[in-house]
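Asker: Have a look at this one before I ask anything.
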Amino acid sequence: MDFIKNIILKKTLIFLTILFTIINLSTETTLKQFFYERSIHKPDLKSAFYMISNSQHRDYSFNIEKGNWTSEKNLNGIIKNYSEKYNELINLKLNYTDFNKVKTKKFLWLICLTDLNKKCDLPASLTNSIILKQENFNSVNMKLLKL
């Protein structure tokens, strides 16, 4: 700020910069988390997995529309790897099952990430299934299906 010669203008700009920074911080989660319960901005898979672990049925699968950014094979591998590692991290014994390959299961939790899917309808291969229970968490829709 050495290029501003007017001392009043210089102090005013510094004051406004500090004021706007403080106002911005007060509206951000960064500061609010010290005074209020921390809000969740990402899909709440932790709550979803805990709900599955507390139920009688421990098999789950993801219903995610394939985008232009990856193949369906890669997408299923990514989701399977992530969910298995995450369940390991939070010490849950859940079973990932690809819903396209379900043959011997009678019940299945189907998890839909609403940030990635336009709609969380049942996939074509599961349309004959019965929805027994449905739950919603932040950006996550879950259905317990009787296959």
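Asker: Scan the chain and hand back the longest stretch that contains none of the trypsin sites (Lys or Arg not before Pro) lying in DSSP loops with at most 13 other Cβ atoms within 10 Å.
Answerer: Free of exposed loop sites, the longest segment is 6-37.
Asker: Multiply the residue separation of Leu92 and Glu37 by 0.36 nm, subtract the distance between their alpha-carbon atoms, and state the gained length in nm to one decimal.
Answerer: Gain in length upon complete extension: 17.3 nm.
Asker: Under the classification rounded if a/c is under 1.5, otherwise prolate if a/b is larger than b/c and oblate if not, where does the chain fall, given a ≥ b ≥ c as square roots of the Cα gyration tensor eigenvalues?
Answerer: It is prolate, given that a/c is not under 1.5 and a/b is the larger ratio.
Asker: Would you work out which of His41, Asn76, Ala124 lies farthest towards the positive end of the dipole of the chain? Charges go on Cβ: Lys and Arg +1, Asp and Glu -1.
Answerer: Positive-end residue among those listed: Ala124.
Asker: Same structure again: Can you sort Phe49, Phe20 by how many other beta carbons sit within 10 Å, fewest first? Walk me through the intermediate numbers first.
Answerer: Numbers: Phe49 21, Phe20 10.
So the ranking, lowest neighbour count to highest, is Phe20, Phe49.
Asker: Then there is this: Indicate the gyration tensor shape class of the stretch 16-68 (rounded, prolate or oblate), computed on the Cα atoms with a ≥ b ≥ c the square roots of the eigenvalues: a/c under 1.5 is rounded; otherwise a/b larger than b/c is prolate and the rest oblate.
Answerer: oblate
Asker: Tabulate in residue order the Karplus-calculated ³J(HN,Hα) for the stretch 32-40, using 6.51 cos²θ - 1.76 cosθ + 1.60 with θ = phi - 60°, rounded to whole Hz; enter x for Gly and Pro.
Answerer: Going residue by residue, I get 4, 5, 7, 10, 10, 5, 5, 7, 9 Hz, with x marking Gly and Pro.
Asker: Could you work out [θ]222 nm for the chain from helices alone, using -39500 (n - 2.57) per DSSP H run of at least four and dividing by all its residues? Round to the nearest 500 deg cm²/dmol.
Answerer: Values: 4 runs with 52 residues, N = 147.
The helix contribution divided over the chain gives -11000 deg cm²/dmol.
Asker: Evaluate the charge dipole of the chain about its Cα centre and quote only its size in Debye, nearest 20, assuming +1 on the Cβ of each Lys and Arg and -1 on the Cβ of each Asp and Glu. All intermediate terms of the calculation are to be shown ahead of the outcome.
Answerer: Details: 22 positive and 13 negative charges, 44 e Å.
In total the dipole reaches around 200 debye.
Asker: Report, in listed order, any pair from Lys93/Lys146; Lys11/Lys42; Lys42/Lys143; Lys85/Lys119 with a Cα-Cα distance greater than 31 Å.
Answerer: Listed pairs above 31 Å: Lys11/Lys42.
Asker: For a quick check, take a GNM of the chain with Cα springs below 10 Å and name the residue from Asn95, Asn24, Asn76 with the largest mean-square fluctuation.
Answerer: Maximum among the listed residues: Asn24.
Asker: With unit charges on the beta carbon (Lys/Arg positive, Asp/Glu negative), name the residue among Phe99, Leu110, Asn136 whose Cα is farthest towards the positive pole of the charge dipole of the chain.
Answerer: Going by the Cα projections, it comes out as Phe99.
Asker: Rounded, prolate or oblate for the stretch 82-145? Axes are the square roots of the Cα gyration tensor eigenvalues, ordered a ≥ b ≥ c, and the cut-off for rounded is a/c under 1.5.
Answerer: oblate
Asker: Given points 7 Å out from each Cα along the Cα-Cβ axis, report the Asn138 to Ser55 separation in nanometres with one decimal.
Answerer: 2.2
Bear in mind that the values in this text are calculations on the coordinates, not laboratory data. Keep in mind that what you see is a predicted model, and the values were worked out from it rather than measured. Please note: Cβ atoms are built from the backbone with ideal geometry, for glycine as well, and neighbour counts cover all protein chains shown.
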